[in-house]
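Note sheet for the following structure.
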Amino acid sequence: MPTFARLARFDREFRRLPRELQRAFLAMLPLFIEALRSSPPEFPQALRIKRVQGTVGVWEISFAPDGRATFEYGTEVLPGEPHILWRRSALTTCSPIRRPPLHHIEGPTITGPSI
């Protein structure tokens with residue numbers, strides 16, 4: 001049976017999630033655990049597990065259309081069983097971040113030598 005641990009940050013973020021997303025995360029766990037039992041793990045495509053860009057060994061899992069969590073493999077606690085460290089949980093949105101057009105951004109004028 002795989003073992004699990006959570007960072008304090010995960011717990012804080014999880015408590016802030018709406019109840020429906022907390023339930024979705026908990027409902028996803030049996031599917032995730034079952035996949036971990038195979039070697040190498042064969043995760044269902046519905047979980048959309050992928051490596052987090054710019055990291056080594058950190059993975060993202062989708063537990064709802066707007067719910068994500070990150071995890072990494074830790075040092076085995078039980079011999080031969082994977083150990084998962086839950087890092088973060090978040091409410092996400094697929095909407096792009098809206099940035100003001102460049103001509104509306106005010107800031108200091110930077111001058112330098114001409115090239």
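Where a number appears in this text, it was derived from the coordinates with a stated rule and is not lab data. Keep in mind it's a predicted model, so treat the numbers as computed, not measured. In this analysis, Cβ positions are derived from the backbone assuming ideal geometry, glycine residues included, and neighbour counts consider all displayed protein chains.
What to note about this one:
- Close amide H pairs (under 5 Å, H built 1.01 Å from N) link Phe63 with Arg68, Ala69, residues at least 5 positions away or on another chain.
- Approximating the spin labels as points 7 Å out from Cα along Cα→Cβ, the Glu20-to-Arg51 distance works out to 3.5 nm.
- Taking Cβ atoms as reference points and 9 Å as the exclusive limit, the residues near Gly57 contribute a net charge of 0, counting Lys and Arg as +1 and Asp and Glu as -1.
- Extension gain from Val58 to Met1, taking 0.36 nm per residue of separation minus the Cα-Cα distance: 18.4 nm
- Calculated on C-alpha atoms, the gyration radius of the range 3-92 divided by its Kirkwood radius gives an Rg/Rh of 0.94.
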